[in-house]
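Below is one structure, written out as structure tokens; the observations come after it.
The values are calculated or read from the model by the stated rules, or taken from the named source; none is laboratory data. It should be emphasised that the depicted structure is a prediction, and the values quoted were computed from it without experimental measurement. Positions of Cβ are generated from backbone atoms using ideal geometry, with glycine treated the same way; all protein chains shown enter the neighbour counts.
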Amino acid sequence: MRRSLTMLLIGFVLSFMAMQGVTAGSRDIIFATTTSTQDTGLLDELIPIFEKKTGYRVKTIAVGSGQAMAMGERGEADVLLVHSPEAEEKFMKRGFGVNRLIVMHNDFVIIGPANDPAGIRSMKKAGDAFKKIAATKSLFISRGDKSGTHVKEQKLWKEAGVDPERQTWYQQTGLGMGQSIAVANEKLGYTLSDRATYLSLKGKIDLVILSGGDRSLLNIYHVIQVNPKKFSGVNAAGAKAFSNFLVAPLTQKMIGAFGAKKYGAALFFPDAKTPPTPLGGGPLMEH
Amino acid sequence: MDLILDGIIEAFRLIVTGDPEVIDITLLSLRISGSATLISTCIGVSAGTAVALTRFPGRRFLISVINTGMGLPPVVVGLFVTIFIWRSGPLGSLGLLYTPAAMVIAQTVIAAPIITGVTLAAMQRLPGKLRLQILALGATRRQMVWLLMTEARLPLLTAVMAGFGGVISEIGASIMVGGNIKGYTRVLTTATVMETGRGNFAVAIALGVILLILAFTVNYILTAVQQGRGK
């Protein structure tokens, strides 16, 4: 009895491994990216096209930019799409990535309840708006997950000369952008969001854009291939193909058109050809 | 309130119209959690029976370990399985991370102690003299174990249900080792979280309702078997 069970078990494990042997390998690309690109649905539109064209299977892991780069530093991902420029530069300098290419941009916006208890509406400078939120001790919901958005937010606090950590009005969710906006919406707090995720949720939440358009709120996405010389397991060819796909003219056109119909405004602005003029082409203050 | 109603209507719309993506997600959930439960049953029932029927030093300690394992937090399991199977981990060469197989492994680690623990309790609750009686009737050791298992089949089915219930509704480990990849490792629980993040609350509720229906159906079938045979 026990022996037959053991045999059954071994058979199971072997069959799974066999299944693995067929499916895994050089046809798989592990693609670590930010939650904003998944939450907006952009990837669902782009990736099937790439897979069909090339035969690769893209395994999209949607995490914050910080975690995506941490995966890259361990060679656990093949290619990254991230939006945390300073951290990216560090990542490149330490030799973990190759061929960093600009893909697209949009901008960050400060969103909050329509009655705006902190009174930041239409403030030009993001740092000033943050200062005012701190001064009025208005609830602020932070990602708190080392994502690109969180890093940008920390930078803005620094600009404002405020240390929000451990303040009662400052709460960290540790969740993705969509979920963090949902939390802010429930608690009627302020939060920093990329415009794309905000627009994709706009119809379902009460929060509105209160401040945006500041130069410092530019949000740029880069694609980085993980350095295959550092990690032998990395799928270098697949990463390169995917990276090329993201900056190809046709894909760039699709990125520019994405969401325009559904949300009334483009969510991302393609940049592969022309480097971004600050907030160029972007709707700066639309409510 | 509207939202809940919308969600339930959406759920039925998705089920009735047979939305291919939802069907795929549902089947995948069933396949992964079903495989994990099956493997866990093999491990759990044999291990539980073995521990119940034998006496050895350290047995009490082992039972405590099993009972603790029944409450293993899925995220902790997910974390350790990830560390083992990622590219730089000891089993990295198998390329298991972000595959359904990885999810089966993680879910097996979660379900096996549950099934072992319930089996152990069930086998120990059998009257002690039953064993002697069976042996006295000339049964071999193997036949004796088999008879005891058949005797305990009702609680053993409970063990299977508990294991299945634990893994089909689990999310922490599934999202860590599976990665919620569309059409490949996206299961009902991870899809629900993602749709919530996207603000598609109706779809999220729909997926939740489907998950409940699925769990109920499987348990109903097992209960029918359990109660039917019990008569």
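May I ask you to verify whether residue B:7 is within 27 Å of residue B:179 (Cβ to Cβ) and away from every other protein chain (no Cβ under 14 Å)?
No.
Do we find that residue B:133 is more than 14 Å from every other protein chain (Cβ to nearest Cβ), buried (at least 18 other Cβ atoms within 10 Å of the Cβ) and more than 30 Å from residue A:28 (Cβ to Cβ) in this structure?
Considered against the rule, which asks whether it is more than 14 Å from every other protein chain (Cβ to nearest Cβ), buried (at least 18 other Cβ atoms within 10 Å of the Cβ) and more than 30 Å from residue A:28 (Cβ to Cβ), residue B:133 comes out as no.
Could you list, in sequence order, all residues of segment A:29-55 that are out of contact with any Asp or Glu (no Cβ under 6 Å at 6 or more places or on another chain) and polar (S, T, N, Q)?
Correct list: A:33, A:34, A:35, A:37, A:38, A:40, A:54.
Please state which one of B:54, B:41 is closer than 30 Å to residue B:147 by Cα and touching a residue at least 12 places away in the same chain (Cβ under 8 Å).
Selected residue: B:41, the only one of B:54, B:41 that is closer than 30 Å to residue B:147 by Cα and touching a residue at least 12 places away in the same chain (Cβ under 8 Å).
Filter segment A:135-149 for residues that are under 20 Å from the mean Cα position of the chain (by Cα) and surrounded by fewer than 23 Cβ atoms within 10 Å (Cβ to Cβ) and give the result.
A:144, A:145, A:146
I'm told residue A:64 meets every condition in (1) crowded, with 18+ Cβ neighbours inside 10 Å; (2) modelled with pLDDT of 90 or more; (3) more than 8 Å from chain B (Cβ to nearest Cβ); (4) out of contact with any Gly (no Cβ under 6 Å at 6 or more places or on another chain) except one. Can you identify the failing condition by its number?
All conditions pass for residue A:64, except number (2).
Here's a check for you: in segment A:43-61, which residue that is free of Cβ contacts under 8 Å to residues at least 40 places away in the same chain and facing chain B (nearest Cβ under 9 Å) is farthest from residue A:32 (Cα to Cα)?
Top of the filtered list is A:48.
Of all residues being polar (S, T, N, Q) and in a helix (DSSP H, G or I) in segment A:155-196, which is surrounded by the most Cβ atoms within 10 Å (Cβ to Cβ)? Just the residue, please.
Of everything passing the filter in segment A:155-196, A:180 is surrounded by the most Cβ atoms within 10 Å (Cβ to Cβ).
Could you tell me whether residue B:77 is surrounded by fewer than 18 Cβ atoms within 10 Å (Cβ to Cβ) and in contact with a helix residue (DSSP H, G or I) (Cβ under 9 Å, 6 or more places away or on another chain)?
No; evaluated as a whole, the condition is false for this residue.
Inspect segment B:190-212 for any residue being over 30 Å from residue A:36 (Cβ atoms) and either in contact (Cβ under 8 Å) with a residue 12 or more places away in the chain or more than 10 Å from chain A (Cβ to nearest Cβ) (or both) and give the result as yes or no.
Yes: one or more hits.
Residue by residue through segment A:206-253, note down the ones that are assigned to a loop (DSSP other than H, G, I, E, B), hydrophobic (A, V, I, L, M, F, W, C) and surrounded by 16 or more Cβ atoms within 10 Å (Cβ to Cβ).
Across segment A:206-253, the qualifying residues are A:207, A:231, A:234.
Out of the residues in segment B:96-128 that are within 9 Å of chain A (Cβ to nearest Cβ) and either in contact with a His (Cβ under 6 Å, 6 or more places away or on another chain) or of a type outside the set (Gly, Ala, Ser) (or both), which is surrounded by the most Cβ atoms within 10 Å (Cβ to Cβ)?
B:104
Within 27 Å of residue B:122 (Cα to Cα), of a type in the set (A, V, I, L, M), within 14 Å of another protein chain (Cβ to nearest Cβ) and part of a helix (DSSP H, G or I), is that true of residue B:52?
yes
Could you say which residue among A:118, A:129 is crowded, with 16+ Cβ neighbours inside 10 Å and in contact with a helix residue (DSSP H, G or I) (Cβ under 6 Å, 6 or more places away or on another chain)?
Residue meeting the stated conditions: A:118.
Within segment B:152-169, is there a residue that is assigned to a helix (DSSP H, G or I), touching a helix residue (DSSP H, G or I) at 6+ places or on another chain (Cβ under 7 Å), of a type in the set (Ser, Thr, Tyr) and free of Cβ contacts under 8 Å to residues at least 12 places away in the same chain?
no
Hey, among the residues in segment B:23-38 that are surrounded by fewer than 20 Cβ atoms within 10 Å (Cβ to Cβ) and touching a residue at least 40 places away in the same chain (Cβ under 8 Å), which one's farthest from residue B:221 (Cα to Cα)?
Once the filter is applied, the top-ranked residue is B:24.
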